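The next block holds one structure in the form of structure tokens; read it before the comments.
The values are calculated or read from the model by the stated rules, or taken from the named source; none is laboratory data. Just so it is clear, the structure is predicted and the values come from calculations on it, not from any experiment. Here the Cβ is made from the backbone with ideal geometry for all residues, glycine too, and neighbour counts use every protein chain on show.
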Amino acid sequence: MNAANRVFSFLVLLIATTAVASVTGSISGTVSDPAGAVIPGVSVIAVNDETGVRHEVFSDQKGFYSFLALPVGTYAVTVHKAGFRESRETGIVIDANSAIRVDVRLEVGGVHEEMTISSSAVHVETTTTQMGEVIGSSKMQSLPLNGRSYTDLLALQPGVAPETSGEYQPISPSASLNAGGLSVSGQRETANGFMVNGGNVNEGVNQTTAIVPNLDSIEEFRIITNNFDAEYGNYSGGQVNAITKSGTNDFHGELFEFLRNDDLDARNYFSNIREAFKQNQFGGTFGGPVVRKKIFFFVDYQGTRQIQGQVANLPVYSAADLTGNLADAASALTGAVNGSYWAGVLSSELGYPVTNGESYYAPGCATSSGCVFPNAIIPQVAISAPAKALLKYIPPPNTSEDGQPFYETGAYNNVLRDDKGGARIDGSSRAGMLSAYYFIDDYHQQCPYCFVSLPGFEVLNIGRAQMINLSDIKTQSATAVNELRLHYMRFATFTGEPVGGVGPSLSSLGFVTGANTLGIVPIAPQFDAPSTEATELCEPVQWDA
């Protein structure tokens, strides 16, 4: 295969691997006179209220006009033809992938006469069969969302299960946010497609979203639950497309701070300790024109600092238990020795004979001739070296429940640091509507009980998600539009990295290790200590034209 064929094959694979979602909407309709006859050659102009960007098309021989790709926003449509009153309809809202029909009937009149129609009613999409809902920025920001994630609103749409089944364990964006693993229209929780500005942002393991932009930077998000168009692929569940805000002709911005702490919190009813809780979410947005009615920018940032107490309340061994005296748990020493081989192993370890079928313990048994463990005591000689070495990691009891020893502490906190932000620039030129968007989310989480229930085994969860999206949308005619999009997303996460390193080696804990032994043979000696570290790296590339 020559170099040209290899390049062509690579591009085909890139195009085929992911779906592309539309980030624009359309307005179409028919222009007619008072008698209902169609009028060809009519000038139809759509102007974005916030940016002032102007789009113009002409009706064809059938009086039909169409704006195939309009950015999300509110528009005023003006229709002009010599010999007729100018018609102007305002307040037309365009959402992502929406198809609005606006038919116009021109009245005969003078050159300077104008008829204005304010469009306050909801437009019904009569040109598409897909089912879904659009949730705008005002709705998102008016709802009290814990964590400020738009994915918490997915269940507002009919056909979306409000709770996860728990079958899958998706990786949480920003270490703590909802990854969107919900069943849509009865499909699996891993069958949903997530997009930001039309680019795929699914992580590669559980197929949930890897990127959740700052809530104040999202213009709207659309979830399509059924009958979606052919441009969507790969996913049989819901199609979720979040569109970020663009700058306008006016400078605008905001600063925010959301604070939660434990000063007014009550302790858990079942705990003697009130755990710590402090959360700060702060940031802001700023946008405006670079060149009025031509080039616009928008930037955003959000930081999260969270200290959340983790109260551990777990059963532990009593001081007598740690010496081998299990008298307080004698009722659990039931059963009998099963097999001659196992009886021989016990005889060797205990130093006195054990027979097949002998009871481990029976009430009142005080000699080894009556049971394996007389007085419910395991001799010190029978406690293995690894067990003795590991007992030091079990804390002593400091409370009790129903007479049983328990250990309770709130000294270890879940500490999260998350920073994310985005930058977008849009421009209107002869080459089309140009747009560039960059997003980064970097987090660091210190978790005391992510993989164990005992304190002292904290781990780090570290992650970074990045994406860049470049697009050029050029309207060729009333029936043709060309969209070029380059999208790159990188999602890397490292979970379960032990704080302070991997700690003691297996051999230092008393385990038999090494080749040609009956013990453990470390494949990678530099990592021979117990570790739960897991890594995921996802780098999808998307090229659509």
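Suppose we keep only residues that are at pLDDT 85 or above and among the aliphatic types (A, V, I, L, M) within the stretch 162-192. Which one would you say is surrounded by the fewest Cβ atoms within 10 Å (Cβ to Cβ)? Before the answer, list the steps.
Of all residues in the stretch 162-192, those at pLDDT 85 or above come to 172-192.
Still in the running and among the aliphatic types (A, V, I, L, M): 175, 177, 179, 182, 184, 191.
On the way: A175: 22, L177: 22, A179: 24, L182: 22, V184: 27, A191: 16.
Here the answer is A191.
Tell me, please, whether a residue that is in a loop (DSSP other than H, G, I, E, B), touching a strand residue (DSSP E or B) at 6+ places or on another chain (Cβ under 8 Å) and in contact (Cβ under 8 Å) with a residue 24 or more places away in the chain can be found in the stretch 216-225.
So in the stretch 216-225, the residues in a loop (DSSP other than H, G, I, E, B) come out as none.
Within the stretch 216-225 (the criterion being in a loop (DSSP other than H, G, I, E, B), touching a strand residue (DSSP E or B) at 6+ places or on another chain (Cβ under 8 Å) and in contact (Cβ under 8 Å) with a residue 24 or more places away in the chain), the answer is no, since none of the residues qualifies.
List the strands (runs of 3 or more DSSP E) inside the stretch 354-434, counting only whole elements, that have at least 2 residues being loosely packed, with under 14 Cβ neighbours inside 10 Å and outside the structural domain of A329 (by TED's automatic domain parsing).
Details: elements: 399-401, 404-409, 413-429.
The qualifying strands (runs of 3 or more DSSP E) are 399-401.
Out of all the residues in the stretch 1-33, which are modelled with pLDDT of 90 or more and more than 30 Å from K293 (Cα to Cα)? Hits for the stretch 1-33 are S32, D33. Between residues in the stretch 459-486 that are among the small types (G, A, S) and residues that are assigned to a strand (DSSP E or B), which pairs lie under 6 Å by C-beta distance while being six or more apart or on different chains? Matching pairs, first to second residue: G463/Y443; G463/T493; A465/D441; A465/F491; S471/S435; S471/R485; A478/V57; A478/S66. Look at (1) modelled with pLDDT of 85 or more; (2) under 36 Å from the mean Cα position of the chain (by Cα); (3) of a type outside the set (V, I, T) and you find that F511 fails only one, number (2). Checking the stretch 42-58 against the condition returns no match, with no residue being among the small types (G, A, S), modelled with pLDDT of 90 or more, closer than 15 Å to L106 by Cα and assigned to a loop (DSSP other than H, G, I, E, B).
The residues on offer are Y65, Y75, and the sole one that is within 21 Å of N197 (Cα to Cα) and modelled with pLDDT of 90 or more is Y75. Do you know which of the residues in the stretch 103-148 that are modelled with pLDDT of 65 or more and of a type in the set (D, E) is nearest to G83 (Cα to Cα)? Out of the qualifying residues, it is E107.
So that you can scan it fast, the table gives a plain yes or no per residue for (1) within 23 Å of A366 (Cβ to Cβ); (2) touching a residue at least 24 places away in the same chain (Cβ under 8 Å); (3) surrounded by fewer than 17 Cβ atoms within 10 Å (Cβ to Cβ); (4) over 49 Å from the mean Cα position of the chain (by Cα):
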site	(1), (2), (3), (4)
Q310	no, yes, no, no
L314	no, yes, yes, no
A319	yes, yes, yes, no
T323	yes, yes, yes, no
A329	yes, yes, yes, no
L333	yes, yes, no, no
S340	no, no, yes, yes
G344	no, no, yes, yes
E349	yes, yes, yes, yes
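Of all residues assigned to the stretch 331-342, at least one qualifies as being of a type in the set (F, W, Y) and part of a helix (DSSP H, G or I). Residues that are within 23 Å of L434 (Cα to Cα) and among the polar types (S, T, N, Q) were ranked within the stretch 56-82; the one that is surrounded by the most Cβ atoms within 10 Å (Cβ to Cβ) is S66.
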